[in-house]
1. Give the number of residues within region 164-188 that are among the aliphatic types (A, V, I, L, M), surrounded by fewer than 16 Cβ atoms within 10 Å (Cβ to Cβ) and in contact with a helix residue (DSSP H, G or I) (Cβ under 7 Å, 6 or more places away or on another chain).
2. With the checklist (1) modelled with pLDDT of 90 or more; (2) under 30 Å from H261 (Cα atoms); (3) crowded, with 19+ Cβ neighbours inside 10 Å in hand, flag the one item V102 doesn't pass.
3. If a residue has to be over 19 Å from the mean Cα position of the chain (by Cα) and part of a loop (DSSP other than H, G, I, E, B) to count, how many in region 265-285 make the cut?
4. Give me the pairs: first residue in region 100-123 and farther than 15 Å from S297 by Cβ and among the basic types (K, R), second residue at pLDDT 90 or above and part of a loop (DSSP other than H, G, I, E, B), beta-carbon distance under 8 Å, and six or more apart or on different chains, which are they?
5. If you scan region 69-90, which residues turn out to be assigned to a loop (DSSP other than H, G, I, E, B) and without any contact (Cβ under 8 Å) to a residue 40 or more places away in the chain?
6. Looking at (1) among the β-branched types (V, I, T); (2) part of a helix (DSSP H, G or I); (3) closer than 20 Å to S296 by Cα, which is the one condition that is false for I135?
7. For G161, all conditions in the list (1) in contact (Cβ under 8 Å) with a residue 24 or more places away in the chain; (2) surrounded by fewer than 22 Cβ atoms within 10 Å (Cβ to Cβ); (3) not polar (S, T, N, Q) hold save one; what is the number of the exception?
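The values are calculated or read from the model by the stated rules, or taken from the named source; none is laboratory data. This is a predicted model, so every value here is computed, not measured. Note that we place each Cβ from the backbone using ideal geometry, even for glycine, and neighbour counts take in every protein chain shown.
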Amino acid sequence: MSKTSRYSSIRPQQRLPQWLRRPVGNASALEAVQGVVKQGALHTICEEGRCPNRAECYAAGTATFLLGGAICTRSCAFCQVEKGRAPMPVDAGEAERVADAVEQMGLRYVVLTAVARDDLNDHGASLFTATMAAIRQRNPLIAIEVLTPDFWGGHRNDEEGLRAQRERLHTVLAASPVCFNHNLETVERLQGEVRRGATYTRSLGLLAAAREQAPEIPTKSGLMLGLGEHRAEVIATLEDLRSVDCQRLTLGQYLRPSLAHMPVERYWQPSEFEELAVIAKAMGFRQVRSGPLVRSSYHAAD
């Protein structure tokens with residue numbers, strides 16, 4: 001039995017609330033972007049993760065490209081992206097095709113993310129830099145945000161792993177993205193179940209190192225709610241993010257992609273998201289997006 005299939009016998013306890021039932025939106029914008037992505041043999045987390053906001057974002061001129069193929073070497077229990085120990089070979093033409101797509105779509109703000117590539121020596125850091133360079137060669141005015149994995153793994157000890165993680169981080173930051181994003185995803189107590197292969201401490205350390213290495217680049221992180229966390233734990237997590245000077249925050253409702261994924265423990269009310277936004281801003285976060293349908297790249301260009 002796979003690590004995620006054990007959830008398949010757990011049936012939804014609640015019906016999807018009305019506030020999470022989003023209309024398709026701008027169908028023409030959705031189809032146009034899907035056509036460009038398909039033509040370029042590319043991947044977006046918008047499609048792979050079935051984001052409910054993708055039509056709105058496409059129409060607004062933003063998209064989140066998924067680098068490194070469509071198979072992730074991690075097995076996070078919440079994520080729709082396909083998992084496997086034998087991911088796709090590195091595609092040497094991917095960066096140029098992403099740049100082609102950005103040009104065709106007329107995007108002004110691009111978010112680059114990637115599957116975890118623990119099989120690569122640099123864990124995919126060069127995928128980000130090559131793609132940023134290709135996009136800027138076409139149009140140096142396009143703003144590029146990066147949403148990275150933790151760049152950890154495959155080391156004999158923690159000291160070696162930490163050094164390698166920082167080197168990979170430096171590679172990405174040296175390319176000057178307009179924002180560095182790395183998601184904690186959930187509270188510390190639930191990390192082991194939700195984010196297999198990652199740890200709370202390593203992720204906080206990555207965000208802290210990003211501020212130290214490139215203080216001019218804002219850092220960002222996000223949480224999904226509804227996995228069984230308590231309100232006090234969420235607030236404690238926000239405090240931990242501020243302790244490493246994380247400046248931007250997204251809070252959204254976890255939606256179960258399939259019966260093979262973790263079940264939703266509860267649906268947080270829109271008013272609760274509003275309350276958390278007020279708390280976060282009082283803590284000093286400079287930008288907060290908090291709502292049931294908010295995702296990591298939602299309104300990122302703002």
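1. Result for region 164-188: 0.
2. Among (1) modelled with pLDDT of 90 or more; (2) under 30 Å from H261 (Cα atoms); (3) crowded, with 19+ Cβ neighbours inside 10 Å, the lone unmet condition for V102 is (2).
3. 6
4. R117/G68; R117/H123; R117/G124; R117/P149
5. V81, G84, R85, A86, P87, M88, P89, V90, listed by residue number.
6. (3)
7. The number of the failed condition is (1).
The rows are residues; the columns are (1) modelled with pLDDT under 95; (2) under 28 Å from L223 (Cβ atoms); (3) not β-branched (V, I, T).
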site	(1), (2), (3)
D91	yes, no, yes
R136	no, no, yes
N139	no, no, yes
L162	yes, yes, yes
R168	no, yes, yes
P177	no, yes, yes
F180	no, yes, yes
